[in-house]
Amino acid sequence: MNPRARISRLSQSIAILSLAFLWLPLFVVVAFSFEPEAAAVNLTGFTLKWYGIIWEQGGMLSALKHSLELGLGSATLGTVFGALLAVGLHRYRGRGFAILALIVYLPIVMPDVIYGISQMVFFNYMYKLIGWPQAGLITMGIAHISFQIPYVALVVYARLVGLDRNLVHAAADLYASPLKSLYAFWLPVLKPALIAGFLLAFTLSLDDFVISFFTSGPGSVTLPIYIWGSIARHGITPETNAIGSLLIGAVLLAALAQTFIRARRSGHLSSATE
């Protein structure tokens with residue numbers, strides 16, 4: 001076997017092992033969600049009763065509702081503020097831009113524990129000072145928006161950097177008002193980046209545990225906090241595996257839908273060019 005073939009086979013083996021390392025834990029979670037015995041180590045049968053049990057539990061449904069409310073609300077505001085921040089960064093080219101960009105993107109590299117503790121201390125101080133905000137979905141939403149803004153700004157800013165500035169001048173030469181430029185030029189051009197930023201912000205909010213844990217209140221338990229509390233009280237149970245399996249299925253359906261829409265759009269574009 002020649003060296004090139006060996007390298008190719010080694011690369012394939014590494015790729016297969018990497019995929020197995022990523023997907024094997026997910027398959028284990030899904031498989032044990034159908035296990036009839038709660039404390040079984042090996043698979044002994046098949047049942048769907050655990051899925052029925054989690055839907056009968058009001059705590060899980062309430063936590064899922066809080067997660068969706070928090071994710072959609074914070075992602076919407078985080079996308080708006082992040083896009084405005086990206087536009088401001090794109091237009092500002094003065095001295096100290098590198099320091100300004102570092103300050104903006106610092107929450108991305110900051111550990112979640114430090115960020116969550118700082119948010120908790122700040123909200124406690126503000127509540128003692130002015131009586132607002134009380135720990136709950138409001139404090140969680142503010143904290144989520146604050147760490148979503150840099151991610152959205154980074155995505156939108158990358159789109160703005162690749163934008164031809166002559167297009168902006170062309171819109172002004174065609175007597176487009178600022179409002180008309182917003183609807184006819186900026187929103188269509190930035191639409192892919194805004195959608196990507198919103199989906200990223202929603203995913204970060206839905207997945208976050210550490211910051212949500214430090215800024216949550218008694219009546220604002222999200223799904224990650226609920227799963228952590230269930231594991232802390234009862235250990236890993238089939239109900240936990242069932243919840244994880246539902247989340248895995250939802251993510252896979254969203255990914256497949258996005259792939260289908262993208263393939264259909266590319267097919268329409270290719271047929272239009274022909």
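Shown here: the range 1-63, whose C-alpha atoms stretch 61, 29, 15 Å along the first, second and third principal axes, sorted largest to smallest. From Cα pairs below 8 angstrom and at least 6 apart in sequence, can you work out the relative contact order of the chain, rounded to a whole percent? Contact order relative to length: 32 percent.
In the set (i) 255; (ii) 117; (iii) 185, which value of volume of the Cα convex hull per residue in Å³ was calculated from the structure you see? Of the listed options (i) 255; (ii) 117; (iii) 185, (i) comes from this structure.
For the range 73-112, the C-alpha radius of gyration sits at 1.32 times the compact-globule guess of 2.2 N^0.38 Å, with N the residue count.
Using Cβ point charges alone (K and R +1, D and E -1), the dipole size of the chain about the Cα centre works out to roughly 920 debye.
To the nearest Å, what is the center-to-center distance of the range 112-150 and the range 43-106, using C-alpha atoms only? Each part reduced to its Cα centre gives a spacing of 15 Å.
Loop exposure criterion: trypsin sites (Lys or Arg not before Pro), DSSP state outside H, G, I, E and B, at most 14 other Cβ atoms within 10 Å. Applied to the chain, the longest stretch between such sites is 96-274. Normalised radius of gyration (Cα atoms, divided by 2.2 N^0.38 Å) for the range 3-162: 1.54.
Counting only protein heavy atoms and using a 1.4 Å probe, the accessible area of M126 comes to about 40 Å². So which chymotrypsin sites (Phe, Trp or Tyr not before Pro) in the range 63-97 end up in coil per DSSP with only 12 or fewer other C-beta atoms within 10 Å? Answer by residue number: Y92. Note on the range 38-116: Cα Rg divided by 2.2 N^0.38 Å, N the number of residues, gives 1.92. Within the full protein context, the accessible area of W55 is estimated at about 120 Å² for a probe radius of 1.4 Å.
The values are calculated or read from the model by the stated rules, or taken from the named source; none is laboratory data. Everything numeric in this text was worked out from a predicted model, so none of it was measured. Every residue, glycine among them, receives a Cβ derived from its backbone with ideal geometry; neighbour counts consider all protein chains shown. The accessibility values were calculated without ligands, DNA or RNA, using every heavy atom of the protein model including side chains. Shrake-Rupley method; radii C 1.70, N 1.55, O 1.52, S 1.80 Å.
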